[in-house]
Structure formats: structure tokens, C-alpha cells
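Some notes on the structure that comes next.
The values are calculated or read from the model by the stated rules, or taken from the named source; none is laboratory data. Every value quoted in this text rests on a predicted model; they were computed, and no experiment measured them. Positions of Cβ are generated from backbone atoms using ideal geometry, with glycine treated the same way; all protein chains shown enter the neighbour counts. Just the protein is used for accessible areas: all its heavy atoms, side chains included, with ligands, DNA and RNA removed. Shrake-Rupley method; radii C 1.70, N 1.55, O 1.52, S 1.80 Å.
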Amino acid sequence: MGDESPPCGKPAPPGGNRVAVAIRKRIPVAGGMAGGSADAAAALVACNELWQAGLSVRELCEVAGEVGSDVAFAVLGGTAVGRGRGEQLTSALVAPVAYHWVLAYADGHLSTPAVYGALDRLRQGRNVPEPELSAELMAALRSGAPELLGAALSNDLQVPAVSMFPALRKTLAAGIEFGALGGLVSGSGPTCFFLAGSAGQATDLAVALSGAGVCRSVATATGAAAGASVI
């Protein structure tokens, strides 16, 4: 569900390694959708091709992990389990199913560091266990049943994001009311995403959300999406 930002450029004169990059942004800035990470992944893949470096996907992911926590996933794509900061990835064994999503873009933005800071304050003084892989989520992904996946979705950043952007409560409630199988704040927000049972239901949900006035605009997407590639 990243933006399409194919980098373009040409080799620098002999002795230089500069590349000019042009980005066509198709998702909101600071929308909690890893758009910047997708841009970085596209640049890495393009430079690997341009300079004929010959790095494998695994090697590119290692470089990407040094650039940012989400960048490796945008290189790998598909469905993966992330550990560490999220940069240590393992492709997940899941059913070959295309899920249908609706994105509700908010009229505003949130700072990722600020949302993480709010989460730290909410957890202060509490005994927070180490994160564990959700057996419910992995079982849902293996089954390929969207209703099971919708029920298993979770995001620790949702509570602090909503506390900082209260209007998201109405967006999330409306999505469920209009028939979404599940819905969450995306990343650190303020974009919300909803899972629909089919392409037709996704279209109906997008129309309903748009008409309800609970978000700035909507879009539909199908995933899981492939990683960055040369086109």
C-alpha cells in the first residue's frame, strides 16, 4: 500500500556517483503509511540497477535497515514478520489471497516521533511485556479468510494517535458501522485503513465514508503489495 515513486536519473560524469531523483507523491505526507520509506526503497533498488551493483534482495534489505526501520519491508514486499526495529524480516507463509482495503485520509497530519513519545508516556510506570508474534493473526493470514484477519488486526500506536487526533474516533467508528471487517489507524496515523470482504464492498465502503464527511478523501487498495522494483 505504498506510493508509486519510481526514481529516475542518470549517471554522473566520470569520477562522480551522483543521481538525480524525482518523486511523484501519491499518498499524504506524514500520513502514517511509510511513504518516505517506500521512496527510499525505490531509490535503493534503482541505484542497484543503475550502478549494476548486483546486490540481492537480502543484501538490499540489510542496507535498507540502516536507512530506516520500514525501508527493508518496502524492498521485500509481500507479507513479512518484522523483529528488532522492524528491519529484521522473515517472509510469512500465508494464503495467496488478495485483500481489499479502504484508506481514509485525514485532514491533517501527525508527527511519528510525537506519537511514539505519547505512547512512552502512556506506558510510563507500567510493566510492558516484550512484543510477541500474534498466533491469531498468523492463523488468520494462513486461512486467507478476511473476516478472521479483520478481527485479528491491532496497532499499539492507535491509542496515542487517537488521543492526539480525536477526530479519528469518528472515522474508525464510521468504517465499522458501514461494514468494514476491521479497521485501524495506519502506523502513527492519521490515515485510517479498513478491510473489506470484496472489491465491491471496498468500493461501497469508500463511497459511504466519503459521504459521511469523516475524512478528507478516500482510496482503495489491494494487497499484499510487491516490493520496490524497476519498471
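Here are the numbers:
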{"item": "Dipole of the chain, positive direction: furthest Cα of Thr222, Leu119, Leu141, with charges on the beta-carbon", "result": "Leu119"}
{"item": "Accessible carbon and sulfur surface of the chain relative to its total accessible area, %, 1.4 Å", "result": "54"}
{"item": "About the Cα centre, charge dipole magnitude for the chain (Lys/Arg +1, Asp/Glu -1 at Cβ), debye", "result": "400"}
{"item": "On Cα atoms only, tilt of 57-67 relative to the major axis of the chain in degrees", "result": "80"}
{"item": "Distance from the stretch 92-109 to the stretch 173-208 (C-alpha centre basis), Å", "result": "9"}
{"item": "The chain: angle of helix 35-50 to the longest principal axis, Cα-based, in degrees nearest 10", "result": "30"}
{"item": "Computed Kirkwood radius, in angstrom, where 1/r is averaged over Cα pairs of the chain", "result": "18.9"}
{"item": "Where the chain is the region considered: accessible area per residue in Å², 1.4 Å probe", "result": "56"}
{"item": "Most fluctuating residue given options Ala202, Ala135, Ala40, as computed from a GNM of the chain linking Cα atoms under 10 Å", "result": "Ala135"}
